[in-house]
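Written below as structure tokens is the structure these notes are about.
Quick note: the coordinates plus some simple rules give every number you see, no bench work behind them. Please read all numbers here as calculations on a predicted model, not as lab measurements. Neighbour counts are summed over all protein chains in view; Cβ atoms, including those assigned to glycine, are modelled from backbone coordinates with ideal geometry.
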Amino acid sequence: AKNAGRNNSVIYEAGLQRLVNERLEIERGLRVALDEDQFVLYIQPQVDHMNHLTGGEILIRWLHPDKGMIPPFNFIPVAEETGLILRLGYWIIEHTFACIAQWHAEGQSVPGQISINISAWQFAQSDFTDQLHILLDEYRINPKHITLEITETALLSDIGDTKLKLALLRKTGFRISLDDFGTGYSSLAYLKDLPLDELKIDKAFVDEIRPGERQPLIESMISIGRHMNLDVLAEGVETEKQKQQLVQMGCQNFQGYLFSRPMAMSDFPEWLKAHMD
Ligand code: C2E
Ligand code: CA
Ligand code: CA
Ligand code: CA
């Protein structure tokens with residue numbers, strides 16, 4: 001038994017070593033990726049109950065020269081732990097704005113609200129709002145086109161600072177969405193004091209929807225949003241049944257494979273043309 005224990009710990013340490021090496025490799029890779037622009041912006045359409053487009057969420061992809069497409073799940077956590085998320089987050093905002101500026105230059109109107117995920121670290125930076133202002137000026141972007149998606153954990157880490165920042169951002173013209181609503185530990189007492197525009201119901205809750213079953217939890221999340229006068233958007237909607245139940249519960253906005261998978265930003269104008277009717 002003693003021997004087996006030792007063997008297990010050898011295996012455990014080998015496994016741990018491999019994990020550490022993988023992280024180091026991703027970290028090194030991320031630095032190169034930032035220097036060499038290996039990231040690609042994807043966008044996933046958002047629709048209303050009539051399936052009319054209301055905008056889209058920007059989702060990052062890493063196009064690695066050898067490994068191919070790496071999903072955010074495999075590198076965002078490392079970027080967060082190493083602080084590289086600050087450079088990456090800036091890259092994402094700048095390239096989103098550059099893309100909108102490009103649409104303007106081509107005489108194309110912005111198709112609704114463009115949502116950008118803001119990580120907790122990024123939001124906590126004292127110069128976060130200044131960075132946004134600089135980029136707005138540089139690319140001549142009207143902030144009314146932009147929604148900032150911020151998770152509740154990010155918002156609640158320093159509630160005083162959060163209130164000031166959100167008020168400033170909204171005064172500038174940005175729309176604010178509370179991302180992954182319900183997955184953190186937020187107290188409703190705090191939430192009701194925050195200047196928000198949208199609640200995003202996390203996919204985890206949408207996954208729980210069963211045809212014909214009542215969903216008291218989601219139902220109350222939606223009604224909280226509506227009582228706070230917020231738009232409520234459900235993400236990860238995959239079936240017409242889920243959508244219909246969400247509509248019945250009072251949800252007005254949707255995002256998910258039912259409507260479209262995320263696509264490269266560069267494919268979005270073509271997709272729009274095909275879906276404009
Ligand atoms: P999230 O913000 O909750 O984004 C929604 C995720 O759900 C996306 O995964 C999207 O592709 C996926 N999704 C949407 N509809 C469906 C559906 O109907 N079915 C299924 N199975 N999945 C669906 P993705 O793109 O892999 O992103 C995962 C997470 O990585 C995001 O979760 C977000 O936390 C993070 N992330 C992605 N892009 C960015 C970014 O630009 N900045 C930051 N800070 N984080 C990002
Ligand atoms: Ca999001
Ligand atoms: Ca998120
Ligand atoms: Ca989510």
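Applying the Karplus parametrisation 6.51 cos²θ - 1.76 cosθ + 1.60 with θ = phi - 60° to the phi angles of the stretch 93-109, what ³J(HN,Hα) value in whole Hz is obtained for each residue in order, glycine and proline being reported as x?
Once θ is set to phi - 60°, the couplings for the stretch 93-109 become 5, 4, 6, 5, 4, 4, 5, 5, 4, 5, 4, 4, 4, 8, x, 9, 7 Hz.
Please give the contour-minus-distance gain from L164 to E13: 0.36 nm per residue of separation, less the Cα-Cα distance, rounded to one decimal in nm.
Details: separation 151, 0.36 × 151 = 54.36 nm, distance 4.62 nm.
The span from L164 to E13 would gain 49.7 nm if fully extended.
Arrange the following residues from fewest to most other Cβ atoms within 10 Å of their Cβ: V78, V47.
Ordered by Cβ neighbours within 10 Å, fewest first: V78, V47.
Taking θ = phi - 60°, what integer Hz values does the Karplus form 6.51 cos²θ - 1.76 cosθ + 1.60 yield along the stretch 225-236, in sequence order, with x for Gly and Pro?
x, 5, 5, 7, 6, 9, 6, 10, 10, 9, 9, x
About the Cα centre of the chain, what is the dipole size in debye to 20, counting +1 per Lys and Arg Cβ and -1 per Asp and Glu Cβ, all else neutral?
That gives a dipole near 460 debye.
Considering only DSSP beta bridges with both partners in the stretch 29-140, what is the antiparallel share in %, to the nearest 5?
Counting DSSP beta bridges with both partners in the stretch 29-140, the antiparallel share is about 75 percent.
Based on a Kirkwood Rh over C-alpha pairs, give the Stokes-Einstein translational diffusion coefficient of the stretch 56-175 at 37 °C and viscosity 0.692 mPa s in µm²/s.
Answer from the Stokes-Einstein relation: 215 µm²/s.
For R61, R28, which order do you get if you count the other beta carbons within 10 Å of each Cβ and list the fewest first? Don't skip to the end; give the middle numbers.
Numbers: R61 17, R28 10.
Fewest-to-most Cβ neighbours within 10 Å comes out as R28, R61.
Provide the FRET efficiency to the nearest 0.05 for the K241-Y185 pair, computing r from the beta carbons and using R0 = 35 Å.
Rounded to the nearest 0.05, the efficiency is 0.70.
Going out from 0 in 10 Å bins, what whole percent of all Cα-Cα distances in the chain drops into each bin?
6, 26, 32, 23, 9, 3, 1, 0
Give the percent of DSSP beta bridges with both residues in the chain that are antiparallel, rounded to the nearest 5.
Counting only bridges with both partners in the chain, antiparallel ones make up about 40 percent.
List the residues whose amide H sits under 5 Å from the amide H of L59, counting only those 5 or more places along or on another chain, with H placed 1.01 Å from N in the peptide plane.
HN-HN under 5 Å from L59: Y42, I43, Q44.
Tell me, what is the percent relative contact order of the chain, built from C-alpha pairs under 8 Å that lie six or more residues apart? Don't jump to the answer; show the numbers that get you there.
On the way: 387 pairs, mean separation 47.9, N = 277.
Rounded, it is 17 percent for the chain.
Using modelled backbone amide H atoms (1.01 Å from N, in-plane), which distant-in-sequence or interchain residues come within less than 5 Å of G173's amide H?
Those qualifying (amide H under 5 Å, at least 5 residues apart or on another chain) number zero.
Among Q102, Q17, Q125, which one shows the biggest mean-square fluctuation in a GNM of the chain, springs joining Cα atoms closer than 10 Å?
Greatest mean-square fluctuation among the candidates belongs to Q17.
Tell me, what HN-Hα J-couplings in whole Hz come from the Karplus equation 6.51 cos²θ - 1.76 cosθ + 1.60 at θ = phi - 60° for each residue of the stretch 198-212, using x for Gly and Pro?
Along the stretch 198-212, the couplings run 9, 10, 10, 6, 5, 3, 3, 6, 5, 4, 7, 5, 10, x, x Hz.
Could you put Y12, Y42 in order, starting from the residue whose Cβ has the fewest other Cβ atoms within 10 Å?
Final ranking by Cβ density, sparse to dense: Y12, Y42.
Which whole-number percent gives the relative contact order of the stretch 197-277, counting Cα pairs below 8 Å spaced six or more residues apart?
RCO, the stretch 197-277: 30 percent.
Can you pull a Stokes-Einstein diffusion coefficient for the stretch 182-254 at 37 °C (0.692 mPa s), Rh from Kirkwood over Cα pairs, as a whole number of µm²/s?
My calculation gives 263 µm²/s for D.
Identify which of S223, S260, S126 has the largest mean-square fluctuation in a Gaussian network model of the chain, with springs joining Cα atoms closer than 10 Å.
S126
As an exercise, use a Förster radius of 51 Å and the Cβ-Cβ distance of K67 and H227 to find the FRET efficiency, rounded to the nearest 0.05. Show your work: numbers first, answer last.
Values: r = 47 Å, r/R0 = 0.91.
Calculated value: 0.65.
Comparing N229, N51, N21, which has the greatest mean-square fluctuation in the GNM of the chain with Cα pairs linked when under 10 Å apart?
Result for the chain, Cα springs under 10 Å: N21 fluctuates most.
Within the chain, what's the longest stretch lacking GluC sites (Glu not before Pro) that sit in DSSP loops with no more than 15 other Cβ atoms inside 10 Å?
Free of exposed loop sites, the longest segment is 107-207.
Taking H as built 1.01 Å from N, whose amide H comes closer than 5 Å to the amide H of A234, not counting residues under 5 places away?
Close amide H contacts, sequence-distant or interchain: I201, N253, F254, Q255.
Would you mind giving the average projected area, over all directions, of the Cα convex hull of the stretch 1-132 in nm² with one decimal?
If I average the Cα hull's projected area over directions, I get 12.9 nm².
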